[in-house]
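Visitor: Before I ask anything, here is the structure I am working with.
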Ligand SMILES: [Zn+2]
């Protein structure tokens, strides 16, 4: 999620996903920024991503592109570009990718979501608990829980990691969190990360952080931004990708931007502490899961 605060300076937060090694307290990962090759930019635009803030970096030892609030490997970018280059399946409602988490027929599936670092302290634990609870209150066939006794880092389906990314000095924005892409092979994206620099700089509250975490979980299970066409929730309103296709809409959900949606590209002031999912989100998530 890009989170924005309309204060001086305007700080738009993104999220990073980081996978951790086998340690329970993975080190914080400093993010460096390099230019993205033009050929890769073109592929991202084919898949309807906003590339204005994209940069090349390293994440968990892999070369990745940070685009919107995601880390995508070059392989994932190739796959997404290929999928969207034939403009399939874009006439329905709302904002899923074609990649979803597999659910057994007539069953449910529970994903383990947990922190791999103590870098967020109690704030991180409380925010994650709240995000998980909010998902589980939606009555989906996809359930979430934290690790239980005897389960290790390798048992986690969606790891929550901590990275350190400095603000963008030109746009006066900072990324709060990033997901490691979308589901692949029927499984969720392996992780999302939270930027501890942004947490400190913005004095992020538990509710804000839980919203960010819930948003990144949304990406990890296959949802794109509600306002991917316009990014009208963001200060710059940069086009996220082009001419009106690029996501598979979920029937019954709005075709345009949805100000209160959990899956807005940038979060403004709408952070109802009791309800992360608005009515459209609930409808869309229930249709899909
Ligand atoms: Zn997002």
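The values are calculated or read from the model by the stated rules, or taken from the named source; none is laboratory data. Since this is a predicted model, take the numbers as computed values, not measurements. Because the Cβ atoms are built from the backbone with ideal geometry, glycine has one as well, and the counts that use them run over all protein chains shown.
Visitor: Which numbered condition trips up residue 52, out of (1) within 16 Å of the ligand (Cβ to nearest atom); (2) crowded, with 19+ Cβ neighbours inside 10 Å; (3) modelled with pLDDT of 50 or more?
Guide: It fails just one condition, (2).
Visitor: Let me ask you something else. Looking at 193, 181, can you tell me which residue is within 15 Å of the ligand (Cβ to nearest atom), surrounded by 24 or more Cβ atoms within 10 Å (Cβ to Cβ) and part of a strand (DSSP E or B)?
Guide: Of the residues listed, the single one that is within 15 Å of the ligand (Cβ to nearest atom), surrounded by 24 or more Cβ atoms within 10 Å (Cβ to Cβ) and part of a strand (DSSP E or B) is 193.
Visitor: In this structure, is residue 170 more than 14 Å from the ligand (Cβ to nearest atom) and surrounded by 24 or more Cβ atoms within 10 Å (Cβ to Cβ)?
Guide: Here the answer is no, as residue 170 does not meet what is asked.
Visitor: Out of the residues in the range 196-229 meeting the condition of being more than 22 Å from residue 125 (Cα to Cα) and in contact with a strand residue (DSSP E or B) (Cβ under 8 Å, 6 or more places away or on another chain), tell me which one is farthest from the ligand (Cβ to nearest atom).
Guide: 222
Visitor: Are any residues in the range 61-74 in contact (Cβ under 8 Å) with a residue 60 or more places away in the chain and on the phi > 0 side of the Ramachandran plot, and if so, which ones?
Guide: 68
Visitor: Here is a follow-up. Condition first: within 18 Å of the chain's Cα centre (by Cα), over 19 Å from residue 46 (Cα atoms) and at pLDDT 80 or above. Can you find one or more residues in the range 224-233 that meet it?
Guide: Initially, the range 224-233 is screened for residues within 18 Å of the chain's Cα centre (by Cα), giving 224-233.
When the remaining residues are screened for being over 19 Å from residue 46 (Cα atoms), the result is 232-233.
Filter once more, keeping what is at pLDDT 80 or above: none.
No, there is no match, as no residue in the range 224-233 is within 18 Å of the chain's Cα centre (by Cα), over 19 Å from residue 46 (Cα atoms) and at pLDDT 80 or above.
Visitor: Return the residues of the range 67-86 that are surrounded by fewer than 23 Cβ atoms within 10 Å (Cβ to Cβ) and in contact with a strand residue (DSSP E or B) (Cβ under 6 Å, 6 or more places away or on another chain); say none if nothing qualifies.
Guide: Correct list: 73 only.
Visitor: Something else now. Has the range 246-253 got at least one residue that is away from the ligand (no atom under 16 Å from the Cβ) and modelled with pLDDT of 85 or more?
Guide: Scanning the range 246-253 turns up no residue that is away from the ligand (no atom under 16 Å from the Cβ) and modelled with pLDDT of 85 or more.
Visitor: Something else about it: Could you grab me the full set of residues in the range 234-244 that are within 12 Å of the ligand (Cβ to nearest atom) and either surrounded by fewer than 18 Cβ atoms within 10 Å (Cβ to Cβ) or at pLDDT 95 or above (or both)?
Guide: Of the residues in the range 234-244, the ones within 12 Å of the ligand (Cβ to nearest atom) are 234, 240.
Matches in the range 234-244: none.
Visitor: Condition check: more than 18 Å from the chain's Cα centre (by Cα) and under 28 Å from residue 78 (Cα atoms). Does residue 141 satisfy that?
Guide: No; evaluated as a whole, the condition is false for this residue.
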